[in-house]
Amino acid sequence: MTDQPILAVLGAGSWGTALATLAARNGVPTRLWGRDAAALAEMAASHRNQRYLPDLELPAGLAFEPDLAKAVHGATTVLIVVPSHAFAQMLGELVPLLGPDTSISWATKGFEPGTGRFLHELVAERLPGRAAAVLTGPSFAREVAAGMPSAVTVHSEHEAFAQRLADLLHAPNFRVYTGNDVLGAELGGAMKNVLAVATGVADGMRLGLNARAGLITRGMNEMLRLGVALGAKPETLMGLSGLGDLVLTCTGDLSRNRRLGLALGQGVGIHEAVAQIGQVVESMVTANEVARLADKHGLDLPISKGVRAVLRGEVTPVEGMKALMAREQKPEYPQGLFGTH
């Protein structure tokens, strides 16, 4: 395999396009793959992703490859940027195509639908022994593509690979930190989507800034308690992949999950709200998996479970908020910072 790093980005949506653009701007030979060959051909001709990032001029050094085998052939690193529900299928297609030395990474946030398994568990199962890393953190694709300052983190059990991936993407306005807590990084990136729906609902109902701050803070508490139960490091969740991403998605209207909550809080039906957003809304799946994990570990996570109930249509947003406010009075941390109540 060549010493020259070659990056294959799989997924030509907004985030995949933004990350591929970053790497290409850094002089890294980069290939962008997507399932829609016609859309890729249009991107190659216009050097724009008209659907997702129409204002971004794509760099001349970015290659567009509709053939998956050709996209990953000879690549030193593959970066998967597809929705969580498509992640397992993507891995299955990759298994026979990857060279023995190709490292695998992903910027997908969420769990495997129906099982609640973390994405790194799927990677370890399908591609055992291979260097693997997750890229996550507070990063709206539109702002990254526009060159606005952003900071993310790469977590991997393989320190050298975490650093190599960080080096491919690190840029003057895109800081990439590294760590070794893959589970914690993935939990933060997934769970914040659920909590963003709650703050969106509150803002849609015009409950005020106090309510928003309370939901973010108590939501952070839920993330920490579930993370500790699963074996994540608290400092990971207090960093970019947890607190950072939580604040961004709970307050920024570029967040699809926050926009879903806003619509629900304003009385829009769930199906209409999702249709209006027009892209995958990860919380629709993730809320079920967070609740599943909480039940497995005997944790009471009222905000997360309230979001699941609203998304399932079991309660209205108004009923969900009333239920949260009607909970019994108690100490903020009855058993220390990571108590179970």
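Dipole size in debye (nearest 20) for the chain around its Cα centre, Lys and Arg Cβ +1, Asp and Glu Cβ -1?
620
From the C-alpha coordinates alone, can you work out the Kirkwood hydrodynamic radius of the chain, in Å?
For the chain, inverting the mean 1/r across all distinct Cα pairs yields 20.4 Å.
Would you mind checking which residues have amide H under 5 Å from GLY179's amide H? H placed 1.01 Å from N; only 5 or more apart, or other chain.
The list, which skips near neighbours in sequence, is VAL154, HIS155, SER156.
Given the Cα-Cα distance of LYS296 and VAL280 and 0.36 nm per residue of separation, how much length would full extension add, in nm?
That pair, LYS296 and VAL280, stretches by 3.1 nm at full extension.
Run the numbers on segment 100-195 and let me know its relative contact order in percent, using alpha-carbon pairs under 8 Å that are six or more apart.
Relative contact order for segment 100-195 comes out at 29 percent.
Could you work out [θ]222 nm for the chain from helices alone, using -39500 (n - 2.57) per DSSP H run of at least four and dividing by all its residues? Round to the nearest 500 deg cm²/dmol.
About -14500 deg cm²/dmol.
Which whole-number value in Å² is the accessible area per residue of the chain, probe 1.4 Å?
Ligands and nucleic acids excluded, the result is 43 Å² per residue.
With a cut-off of 8 Å between alpha carbons and a minimum separation of six or more residues, what is the relative contact order of the chain in percent?
14
Mind listing the phi-derived Karplus ³J(HN,Hα) values for segment 56-64, rounded to whole Hz, using 6.51, -1.76 and 1.60 with θ = phi - 60°, and x for any glycine or proline?
Result, rounded to whole Hz: 8, 7, 6, x, 4, x, 8, 9, 10.
Could you order the peptides 179-185, 44-50 from most to least packed, using the average number of other C-beta atoms within 10 Å per residue?
Going by the mean number of other Cβ atoms within 10 Å, highest first, we get 179-185, 44-50.
ALA60 to ALA229: FRET efficiency via 1/(1 + (r/R0)^6), r the Cβ-Cβ distance, R0 51 Å, to the nearest 0.05?
The calculated FRET efficiency here is 0.55.
Once you wrap a convex hull around the alpha carbon atoms of segment 7-180, what is its projected area averaged over all directions, in nm²?
Value for segment 7-180: 9.1 nm².
Take LEU97, project a point 7 Å from its Cα along the Cβ direction, then tell me which residues of segment 13-54 have their backbone nitrogen under 15 Å from it.
13, 31-38, 40
Full-extension gain between GLU157 and LEU209, please, as 0.36 nm times their residue separation minus the C-alpha to C-alpha distance.
14.8 nm is the gain from fully extending GLU157 to LEU209.
So, with a 1.4 angstrom probe, what is the percent of accessible area on segment 183-288 that is carbon and sulfur?
Carbon-and-sulfur percentage of accessible area, whole number: 57.
Angle, helix 37-46 long axis vs. longest principal axis of the chain, Cα atoms, 0 to 90°, nearest 10?
70
Let's test the formula: R0 of 25 Å, r as the Cβ-Cβ distance of ALA41 and ARG142. What FRET efficiency results, to the nearest 0.05?
0.60
The values are calculated or read from the model by the stated rules, or taken from the named source; none is laboratory data. All figures in this text were calculated on a predicted structure; none of them were measured in a lab. Here the Cβ is made from the backbone with ideal geometry for all residues, glycine too, and neighbour counts use every protein chain on show. Accessible surface areas use protein heavy atoms only, side chains included; no ligands, DNA or RNA. Shrake-Rupley method; radii C 1.70, N 1.55, O 1.52, S 1.80 Å.
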